[in-house]
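Peer 1: What follows is a structure written as structure tokens; I'll ask about it next.
Only the coordinates and a few stated rules stand behind these numbers; no lab work does. Predicted model only: the values in this text are computed from it and were never measured. Please note: Cβ atoms are built from the backbone with ideal geometry, for glycine as well, and neighbour counts cover all protein chains shown.
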Amino acid sequence: MITRTDLFVCDHTAGSEATSTAAISFCHALFLFPEVAQKVYEEIEAVTEGTRLPKVKDRGKMPYTEAVWKESFRWHPFLVFGAYVVLVLSNLPLC
């Protein structure tokens with residue numbers, strides 16, 4: 001039987017794994033394409049004036065950085081498209 005605690009742990013683990021995978025993919029893209037990394041850096045510096053870290057409210061002011069972030073999702077998707085079928089057919093608990 002799956003309890004509420006099991007579901008919370010499962011949800012927390014799935015969310016953190018997706019976030020870390022997305023961040024790794026983004027960094028990988030920046031390492032492979034230094035000219036893109038330079039543009040992202042310059043945009044962040046212009047928005048933050050080099051005095052602070054970017055905040056969520058700054059996202060609208062950084063369209064290039066946002067586009068690179070979204071492109072990294074397309075480039076290396078972190079969702080396994082066959083997972084649903086495997087879970088249904090294997091009859092295993094979700095976590």
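Peer 1: Would you mind ranking LYS55, LYS61 so that the residue whose beta carbon has the fewest other beta carbons within 10 Å leads the list?
Peer 2: Details: LYS55 9, LYS61 14.
Ordered by Cβ neighbours within 10 Å, fewest first: LYS55, LYS61.
Peer 1: Pull out the extension gain between TYR41 and TRP75, defined as 0.36 nm times the separation in residues minus the alpha carbon to alpha carbon distance; nm, one decimal.
Peer 2: Working: separation 34, 0.36 × 34 = 12.24 nm, distance 2.02 nm.
Extra length available between TYR41 and TRP75 comes to 10.2 nm.
Peer 1: Here's another thing I want to ask about it. Take CYS27 and LYS57, extend 7 Å from each Cα along the Cα→Cβ direction, and tell me the distance between the two endpoints in nm.
Peer 2: Label-label distance for CYS27 and LYS57, simple model: 2.8 nm.
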